[in-house]
1. Would it be correct to say that residue B:395 is part of a loop (DSSP other than H, G, I, E, B), away from every other protein chain (no Cβ under 14 Å) and at pLDDT below 85?
2. All but one of (1) more than 23 Å from residue A:128 (Cβ to Cβ); (2) within 12 Å of chain C (Cβ to nearest Cβ); (3) in contact (Cβ under 8 Å) with a residue 24 or more places away in the chain; (4) part of a helix (DSSP H, G or I) hold for residue B:164; which doesn't?
3. Got a sec? Which of C:366, C:306 is over 27 Å from residue C:32 (Cβ atoms), more than 19 Å from the chain's Cα centre (by Cα) and either in a helix (DSSP H, G or I) or modelled with pLDDT of 80 or more (or both)?
4. Is it the case that residue D:114 is part of a helix (DSSP H, G or I) and at the interface with another protein chain (Cβ under 9 Å from one of its Cβ atoms)?
5. Can you say whether residue C:287 is more than 10 Å from every other protein chain (Cβ to nearest Cβ), under 26 Å from the mean Cα position of the chain (by Cα) and part of a loop (DSSP other than H, G, I, E, B), as far as the supplied structure shows?
6. What residue, of C:112, C:124, is closer than 21 Å to residue C:247 by Cα, out of contact with any helix residue (DSSP H, G or I) (no Cβ under 7 Å at 6 or more places or on another chain), in a helix (DSSP H, G or I) and more than 10 Å from chain A (Cβ to nearest Cβ)?
7. Report the residue count in segment C:153-186 for those that are modelled with pLDDT of 90 or more and closer than 30 Å to residue A:287 by Cα.
8. Please enumerate the residues belonging to segment D:47-77 that are within 10 Å of chain C (Cβ to nearest Cβ) and under 26 Å from residue D:239 (Cβ atoms).
């Protein structure tokens, strides 16, 4: 076996997978930042909640009949969409004119509310997540990549490209950007700010659900707060590193974050520096914000 | 095969030795057994490899059927044997090795501001008496004694609801006609389960708050949490009896109010090696994956010493503690890194001690190894379920454990309601231990008499193995069950294949 | 100066509101004194009686209130959204526990150490805040606290890793009632500091730099220095509060100081009402004692009744509802505060507080709080 | 010795030359005017003088001492009092609080003794309040003493802001459009007030002002800025008829008529940037305008540039949509604008 395998190849590959998970969540975060200049703290929990309803539907728990996997996934995606729309209507829209920080604290409130609601529904016990794919994509002497892991990378890449195209090529995408930059003028042109906002949150909810279902698939279980605990902060870091205004930035940022973390964890043992992954990440984030506040791919403003 | 078989024989011989030494029981224990004939039958013939389903096949996975049958393979003994002193204690001579528990134990009262009525010394009927000693947690009006069980209802990442249900299952449903079980004929016990969130700080907060309302506290699982509660200033000052499963020995040897009712991790290390020898995975490449808490230092050092002594292999060459021990955080987010480390080290056997959710994830990441260890005190069923759901080739291994598989426990706990998992069985067994401890008391029942009488003797066991304190140690565990874990579809299957005595 | 003299006489004029209607002296004051007496009786006498129960929770409430005041100095007065306050709080707790247990430093000195260490860490964040503002600052503080939680708080010599660092109280503080009074004394000091802060040039400088850094500079305010001063004062208070928590529980672990705690801190401050001292104290106390109130007081019966209604007899549903009730109520309170009542508890109850201080009871103010209140989370330095 | 001496001041934002070789001098007890069309760089010059911007080249001397690099709060403490184009005050605080905040540098106690609450602190606080009250009396604003500044009318705000600048105990006062938001009568009144203040506090002033009657009446000397360069300087009466100045104010109309709207500070800076952007590809070596000028007809080149600046307005809009939206809101919030007042 190549002696470099553990130190280099493994962190690269596992960082890629882990980072894709962050990137998927980061994509939703970037979308909302791009359109409304807010950080959505409830993004990961939208994912958790959606993954939980998908798992409910998959296993026939509670009000759900025992559905086949594709339908269960659909239930999860619809939950994410619905949550996005609901949050927009009940929390975000009344705060249109409030300071952005207020909205951000409100999304933190939504995060806690979703944790509580998830707890009401399923309790603290982890549920096994919906398993979309079961096989191994790649197994070597030092590395194992599951099909779900590979799927996450592919989905992230596709979504990152698709959403970049969405914003540059479609009318709706342009409208979202226009609203974020020029609400008054956009309204004059006849674009409904409210509709656009609802649309943005709907898409963000959907992205959250996709991320949640895939991420819980790689972890194996889902419980209230699980994805927030695992991935929220790295996803934020990914979004900021990549540049919160650039959609492919989430992809790049996610992968960078995943690899940095993985490298540090693999190569710095716990008794030398505990939590080395997070330390390195913090330093990286700090440096990027100080030196290049717009992020790796973002445009300087 | 032959060496293994002879080892099996040795175990059998040891078993009978232990059986006979049961004659050396302390009088109190004998009395307790006499008073509760139903309890003692538990582990009937000493250490038995129980064939629970009775079809004669002990397991499908072991390479050495002879070893499993070391004792008598007889399902009947598990449930039967009413009055006999079935579960022997291994006598005072074998306890206390490596511990420094003596000296501080025994007398029960440890001063403080509370009453001074010495425990077992006073005479009179055995029951709580108002004003005699510290009777906190005893409601004289409704004749109810409150006991608190703490465990990680949340935070460990696997289903742990059984920490809540195990207690009531014992005190409220295991009595005559599936009704409440009464102490001294008329006293009820109320169990309150509190969540320690798998976090020592919250555990200590919960225990300190329970000291006000509970007579005694039982620590279900979680080393850091148990240690935090055991060392509590508040509990010590209020003489709160604190009984737990055996975990670490660090800082717990000299506590007047603390009792470990089962083997500590350190005490189990030689047994882990014994199981590896018997099941044929000792001469393999071993990795030790363990949480980097000082509370696991004794477990870590003892298993490393045993592995080195017994010539186990490591990543390259002989097992080397510097290379082959992987430290983890207390609640890591996922096992990707550790999984890759295990894979690239080519490890064949993994000794794992850590958070249950993390354990399950690591098995998913690296399913090819045989997993072993002292296990999470309780909760191996949840881990197995989680690991088997991963669908990456399943989970196989042997874990030592304070409680046996469900069926064995069921048989030992005659007439009890069905157990949902090992946690429930373990808590049930812990409650049984508490009842046996209550029955050791002579005269007025209070915290002081509880502590002094238990410290002087031990418990005869039942679902759990017997414990012997004998005034010498607070780590009174005498044995553990070797549970074999396999997957059946997406469910983990736990099967007790042997009972090991220290 | 004549202008001043003229001014000084004006307050002596009886306020018209008091003159109208019935001003019968004692009758006007009696109910107020009665209310204050009842409050004093409950907090100074009744609660401390419940050793191990309410007394311990009241100590928690004091500790949270100190954190609330500390956080309010940053968010409310200075406009710096810190999501990493659990970091300063935690480092104070560990510093106190470590110096007491391992280094055997005298008890009193551990508070100084906790305060200094908290201040140092806050200073570091303050330096970062000079360059990174708004939401990015919120994010970096969050990551900072998470990093502390996972790295520094796991360093074995300092924190005993998962086992936690013990911090036993001295003999005279073991009784929870004594400890409550002890914490209360710290809270009084914190309130005094916050009061003095707002009364003097420091408070005015912070408000100015929160609203407009340029104006502040034109007024001769060293924005850099005062931002750092705000972080240092806030960090000191948080560190000392952390030390109190260490002694309150007797053990500090990293997992008790996580992201949830950071959110709780921000939540309680916002729900209490940024900028309102009494509101923040109230919000903090509420969050500290919510689970106790729901479990141990008459509210338990109410809760059980509601839970029974909602769970339709399923025991697992009942357990879930009970377990998540606190989080649910907290989150709901936050959202309601932000969306409906941006002034928080402080503003909602302002009419009552004003009344206890001698103003007439203004029902209108209770029902329709003024619009010019402090607002939820405002501040022009947060412009992102 | 002059109080303020600015020599060869230049500042560049990215590729845009906002100020180029600007020289100013303000002597003791003088009121000096600084005028120029929108985006000429007046406010930028103020920001360089008071330390908010660091000029690329050139120096600022205060009473002979080089203070180019001193940060704003240090300059404020030295005696630079300033007002802002769009009222610079703490809007959520009361008038009296604002006046006390403005005395920050002269508070006379340190942060720690303030927190502890020494007797010195309370004595000094009383003195600060007294001084603030005196200023309120002076400006006739006692009626809003305990009212939040945010809700007051624009004219009141400008007046109170002047009070705040006075409260900083200035040696030289830099006023950025003190009459914006005021009617003609109020503006006249302000003129009187400035003269009184100068007498009472022995002040020196530098004033950005568009209201020509005021400039004519109070200023001893006037500097004209255009496109970041000094276009002219001299006595107000001379400047009034200076052809190049008239030309710079677009085609020879009277200067006051061109100042129909109040621009915000950000607007001013942005205007400077965008207009510079529009013409920065012009000959960079174009000779700096003469300071002592003969009356000359407006050159073709200037006309073109001005016209281009006007046509480029649309593009400028697109370049800064966000800012424009902000300023729109601000104008709407201010109850009075100059629009009606100047007519």
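The values are calculated or read from the model by the stated rules, or taken from the named source; none is laboratory data. Source: prediction; values computed, not measured. Cβ placement follows ideal geometry from the backbone for every residue including glycine, while neighbour counts extend to all protein chains displayed.
1. It is false that residue B:395 is part of a loop (DSSP other than H, G, I, E, B), away from every other protein chain (no Cβ under 14 Å) and at pLDDT below 85.
2. Residue B:164 satisfies every listed condition except (1).
3. Checking each option against the conditions leaves just C:306.
4. For residue D:114, the condition - part of a helix (DSSP H, G or I) and at the interface with another protein chain (Cβ under 9 Å from one of its Cβ atoms) - is met.
5. no
6. Working: C:124 fails: closer than 21 Å to residue C:247 by Cα.
So the residue among C:112, C:124 that is closer than 21 Å to residue C:247 by Cα, out of contact with any helix residue (DSSP H, G or I) (no Cβ under 7 Å at 6 or more places or on another chain), in a helix (DSSP H, G or I) and more than 10 Å from chain A (Cβ to nearest Cβ) is C:112.
7. Summing the residues that are modelled with pLDDT of 90 or more and closer than 30 Å to residue A:287 by Cα in segment C:153-186 gives 0.
8. D:47, D:50
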